[in-house]
Amino acid sequence: MTPTREEIRQAFDTGYEAVVALIEATCRKLEERIKVQELGLKELERRLNQNSQNSHKPPSSDGPSKGHFRAMAPRRATLDLSDRRRAVKDRRQAGEAADNGPSEGHL
């Protein structure tokens, strides 16, 4: 791929045209190598962008980063036993106040 020091020396000793030919040949080889690598990169990008929506793969292979999964609803905090008892007591007191009606001083 890259010319050796000996090849460069021989081209230099031969003359200007030999140096130009050596550089052009090296550039052609490098350009061809770049083209091959670009094709490989495009194929890898195509494969990376596949998911269950546009391929034969099952949804379980998508992984969490693909964004196809429905967001889970946040869990509500569970009440411990003392909170539950307090809530029942508050409801009972509210029910008793409603049964008594307005007090005499609030008419």
Of the residues 84, 47, which is farther than 30 Å from residue 2 by Cα, surrounded by 10 or more Cβ atoms within 10 Å (Cβ to Cβ) and modelled with pLDDT of 70 or more? 84
Filtering the stretch 1-14 down to residues that are loosely packed, with under 10 Cβ neighbours inside 10 Å, without any contact (Cβ under 8 Å) to a residue 12 or more places away in the chain and not basic (Lys, Arg) yields 4, 6, 13
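The values are calculated or read from the model by the stated rules, or taken from the named source; none is laboratory data. Model, not experiment: these values are computed from the prediction. Don't worry about glycine lacking a Cβ; one is built from the backbone with ideal geometry, like all the others, and counts go over all protein chains shown.
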